[in-house]
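Below is one structure, written out as structure tokens, with a few remarks after it.
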Amino acid sequence: MPRVRVHQHVNPLSPFYRQAPKPVDVESVFADPERPLLLDIGCARGRFLLRMAEAEPGWNYLGVEIREPLVDEANRLAEERGLANLHYSFSNAMLWLDRLLDALPAGLLQKVTIQFPDPWFKRKHAKRRMVNEEMAHAIARHLEPRASVFVQTDIEFLAEEMFELFRSNNRFEEAACDENPFPVKTEREKAVEEKNMPIYRALFISRNNA
Ligand SMILES: C[S@@+](CC[C@H](N)C(=O)[O-])C[C@H]1O[C@@H](n2cnc3c(N)ncnc32)[C@H](O)[C@@H]1O
């Protein structure tokens, strides 16, 4: 399948991207909706989840991405591969993650990954960064006890900013994280590793009863 061409970045605060996402109906998108769920936020072309869905088929996988053509392409690819445990949602996670997660049945969300989000380097663009306090709260509200949030980036200031959002939320405790706990690397992770650049990683576990 030829790769769809897309803008490298879109402005998540522009009117078009302020639309509420369609709720994900787990009964219709997954063959077995009761499996534990891994959510990958900002999944781009979704290849990390595609390989995870093949490598660890006992889970369901949901990708969230703001560039709609990538979502359509990823869903087509999942269907072609016959992966009934994988789905992608066109959503602006910065604004709508809480709403998206509210629409899922309770008891499913066991793992969240946030990998190499766009840094938006300029100070005037900082508000466009995907990982904000609302996102950390939304994850905290919906994550099952003893479930995990894995965050990685190659941008040091962004790592500090994101990690602090989770460290300052009582719902989470930080776990040791020397390397990627998953058997699959994202596209961006492979590119950074090929250049031998540092990667900053953190793992947060939700407390039992915070
Ligand atoms: C640098 S890419 C990293 C992609 C992938 N996680 C990886 O590690 O290879 C960041 C992705 O996040 C998406 N993104 C940015 N803002 C978003 C938002 N508000 N909601 C959902 N996705 C977003 C971008 O469109 C892009 O695909």
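The values are calculated or read from the model by the stated rules, or taken from the named source; none is laboratory data. Quick caveat, the model's predicted, so the values are computed rather than measured. A quick note on method: Cβ atoms are made from the backbone with ideal geometry, for glycine too, and the neighbour counts reach across all protein chains shown. The area values use the complete protein model at the heavy-atom level, side chains included, leaving out ligands, DNA and RNA. Shrake-Rupley method; radii C 1.70, N 1.55, O 1.52, S 1.80 Å.
Results, tabulated for the structure shown:
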| quantity | calculated |
| --- | --- |
| Trypsin sites (Lys or Arg not before Pro) within the range 83-151, DSSP loop, no more than 13 other Cβ atoms inside 10 Å | Lys122, Arg146 |
| Largest-first ellipsoid semi-axes for the range 44-98, taking √(5λ) over the Cα gyration tensor eigenvalues, angstrom | 19, 13, 8 |
| Eligible lysines near Lys111 by straight Cα distance, threshold 24 Å, same-chain separation 8 or greater | Lys22, Lys185, Lys190 |
| Surface/4 of the Cα convex hull for the range 1-82, nm² | 5.9 nm² |
| For Trp120, solvent-accessible area (1.4 Å; no DNA, RNA or ligand), Å² | 40 Å² |
| With eigenvalues of the C-alpha gyration tensor scaled by 5 and rooted, the chain, Å | 23, 21, 18 |
| Under DSSP loop assignment and at most 13 Cβ neighbours within 10 Å, longest GluC sites (Glu not before Pro)-free interval of the chain | 35-178 |
| Between the range 24-82 and the range 97-144, the alpha-carbon center distance in angstrom | 17 Å |
| Rg in Å to one decimal, and Dmax rounded to a whole Å, for the range 69-109 via C-alpha atoms | 12.1, 31 |
| 1.4 Å probe accessible area per residue over the chain, in Å² | 52 Å² |
| Portion, in percent, of the accessible area of the chain that falls on carbon or sulfur, probe 1.4 Å | 48 percent |
| Rg [Å, one decimal], Dmax [Å, integer] - the range 101-141, C-alpha atoms | 13.1, 39 |
| Percent breakdown of C-alpha pair distances by 10 Å bin, ordered from the shortest bin, for the range 129-176 | 24, 61, 15 |
| Per principal axis, descending, Cα span of the range 101-210 in whole Å | 41, 36, 24 |
